[in-house]
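Quick notes on the structure that follows.
The values are calculated or read from the model by the stated rules, or taken from the named source; none is laboratory data. Because the structure is a prediction, the values reported are computed rather than measured. So basically every Cβ, Gly included, is an ideal-geometry build from the backbone, and we count neighbours across all protein chains shown. Please note that ligands, DNA and RNA were not included when accessible areas were found on the heavy atoms of the full protein model with its side chains. Shrake-Rupley method; radii C 1.70, N 1.55, O 1.52, S 1.80 Å.
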Amino acid sequence: MKNRLLLSFLSCQFIFFSCNQSSDKELAFELRSAGKIDLAIDETTPDFSMGLQYVESERELLFNINWNTNSIQLYDLDNGDLIKTIPMEKEGDQGVGEIMAFHVHTLDSIFVFPFGGAGFSLIGSNGEVINRFKYPLPENHTAGFVHNISYVSPPVIRGKEIFLKTRPAIVDNYREMTNEMLAKSHLVFKLDLDSLMPQLLPQHYPVDYLANGFKRFEFSSAQGNGKILYSFFGDHHLYWAVDFGSSLNKVEGKSSYLKDVLPLFPIDGAFLESQKYSTASARYENLIYDAYREVFYRFAYPELEVYTEEEVRALRNNPGPFVVMVFDQDLKLLGEKYFEGGKYLPMNAFVGKKGLYISTNNPDNPKNQEDQMGFEVFEIIL
């Protein structure tokens, strides 16, 4: 039942997203298991999370969004206990809408982002509304898109300004996008929280991203080590700048587990073919920064051979094998680790003081327990 939420979520995402290769690439590198943690969840909480954020305060905290109850939960990461629930009203004087995502700025300042609409709210530690923000759409672009597990691109708050991911809204049909239109589209806009006027910033999609054919143009971004870094669904390269006002630089970022030429979207293909492209083709998904070890993690997915609708549906809540790439502060690839399918849920991953945590609540994992949210933590050994 609790994995049904994941299935429902992934099935409504249009174009979302073999041998035993368990060794780490590069002999000097190892991403090694360093322990596990289980969080005790109640009957309203799915074991697959729709939003996680780690916060280190007096103790290590993990924030989890619960769509079922329109609330945010705080867990003690040392013992796995639920220590607090922050309920949020959908309507009325304290209403913030139906919440899709959140971002913890401080323990007393949490930004919450509802489904749809150009707006968001700031709440306190008990769910009280501190402020609401409504703004006009940036020209030819969508409202800010924040999601805690899907192509994560956390908002950046600097004083009275917030920087938000956006997507092109030039055409009504996704498939009508041309390479020229996409190359002129922006990745992020800045919003002044006083004037509430969005300003598109000079960072764009790669100039040749659609030059050879149509690809999904979703991306993930992360900030750290004096860099703003972008990873795109169908591009081996990484793109970075020192600040939001600078143009992007390109560096090699290919996984050795992915084919040299990434696949193109089947424009005239049947529904099954388009879904295979989204869930079984070679691609890159989340990008996460690790401030403790000053590295970036890039999640990659090798191509899978699937032939039936049943196999494609299975990938919606069991994504199969994946790769975690580790880049240092100079964006040099330190190494990469291949994970077999059937044990982990890589979309539920976060960084903490002890390492990189990855969910073990894969429905095919024989040790999966639906009354717990389980994670295995990995540390880098060089």
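Overview of results
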item: Heavy atoms of LEU200: accessible area, 1.4 Å probe, square angstrom to 10; result: 50 Å²
item: Rounded, prolate or oblate (a/c below 1.5 giving rounded, otherwise prolate when a/b exceeds b/c) for the stretch 176-240 by Cα gyration tensor; result: oblate
item: Accessible area in square angstrom per residue, the stretch 176-226, 1.4 angstrom probe; result: 41 Å²
item: Percent of Cα pairs exceeding the 22 Å cut-off, where the set is the stretch 51-168; result: 32 percent
item: Per-residue HN-Hα couplings for the stretch 170-186 [Karplus 6.51, -1.76, 1.60; θ = phi - 60°; Hz; x = Gly/Pro]; result: 7, 10, 7, 9, 3, 7, 8, 5, 9, 4, 5, 5, 5, 5, 8, 7, 8
item: Integer Hz, Karplus 6.51/-1.76/1.60 couplings in order for the stretch 317-331, x for Gly and Pro; result: 10, 8, x, x, x, 8, 10, 10, 9, 10, 10, 7, 5, 9, 6
item: Cβ crowding within 10 Å averaged over residues, with 82-94, 319-331 ranked highest first; result: 319-331, 82-94
item: Prolate/oblate/rounded label for the stretch 250-361 (Cα gyration tensor, a/c 1.5); result: oblate
item: Segment ASP38-SER195, extension gain: residue separation times 0.36 nm, minus the distance between their alpha carbons; result: 52.1 nm
item: Shape call, the stretch 70-124: gyration tensor on alpha carbons, a/c limit 1.5; result: prolate
item: Spin-label model distance (nm) - ILE157 vs PHE115, 7 Å beyond Cα toward Cβ; result: 2.5 nm
item: Relative contact order (%) - criterion: Cα under 8 Å, at least six apart; region: the stretch 188-267; result: 24 percent
item: Alpha-carbon centroid distance for the pair the stretch 60-128 / the stretch 213-290, whole angstrom; result: 29 Å
item: Built amide H within the under 5 Å cut-off of PHE265, gap 5+; result: PHE214, LYS215, ARG216
item: Sequence-distant residues sharing a close amide H with HIS147 (under 5 Å, placed H); result: SER153
item: Gain in span if fully extended, LYS353 to VAL171, counting 0.36 nm per residue against the direct Cα distance; result: 61.2 nm
item: Relative contact order (%) - the stretch 230-342, alpha-carbon pairs under 8 angstrom, separation at least six; result: 21 percent
item: Accessible solvent surface per residue of the stretch 248-291, calculated while the other protein chains remain in place, 1.4 angstrom probe, Å²; result: 43 Å²
item: Which listed pairs, of LYS259/LYS337; LYS215/LYS337; LYS250/LYS343, have C-alpha distances above 23 Å, in listed order; result: LYS215/LYS337; LYS250/LYS343
item: Under-5 Å amide H pairs with PHE322, H placed in peptide plane, nonlocal only; result: PHE339
item: Gyration tensor over alpha-carbon atoms, the stretch 124-261, equivalent ellipsoid semi-axes in Å; result: 27, 18, 14
